[in-house]
Amino acid sequence: MPLIKKLSRVGNSMAVLLDKSLLAQADLTPDSDIEVSVQDKAIVIRQHRYLGTSETRAIGERIATKRRKALERLAK
């Protein structure tokens, strides 16, 4: 059963307070980096996942391969 919460005004923004038990279920702590998005008119909050070294390297290699000529011109 979903929890019913009220939005609270904070300056020019709005906030919702999340219970400790709800945060624990989502494995979130006060220092967690989160991603907030809207999907099908629902606000989705999830823990941010940073890319690892191998994932970052793979992305760089794909960009370098795809844009090789442009990168070579920029290097001159």
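Quick note: the coordinates plus some simple rules give every number you see, no bench work behind them. This structure is a prediction, so every number in the text was calculated from the model and none was measured. Here Cβ is always computed from backbone atoms with ideal geometry, including for glycine, and neighbour counts include all displayed protein chains.
Calculate, for T53 and R73, the FRET efficiency according to 1/(1 + (r/R0)^6) with r their C-beta to C-beta distance and R0 35 Å; round to the nearest 0.05. All intermediate terms of the calculation are to be shown ahead of the outcome.
Working: r = 28 Å, r/R0 = 0.81.
Calculated transfer efficiency: 0.80.
Stretched out straight at 0.36 nm per residue, the stretch from V36 to M14 would grow longer than its current Cα-Cα span by 6.5 nm.
Counting only C-alpha contacts under 8 Å and six or more residues apart, can you give the relative contact order of segment 1-54 as a whole percent?
On the way: 34 pairs, mean separation 10.4, N = 54.
Averaging sequence separation for qualifying contacts and normalising by length gives 19 percent for segment 1-54.
Distance between the pseudo-spin-label points of K66 and L7 (7 Å out from Cα toward the beta carbon): 3.6 nm.
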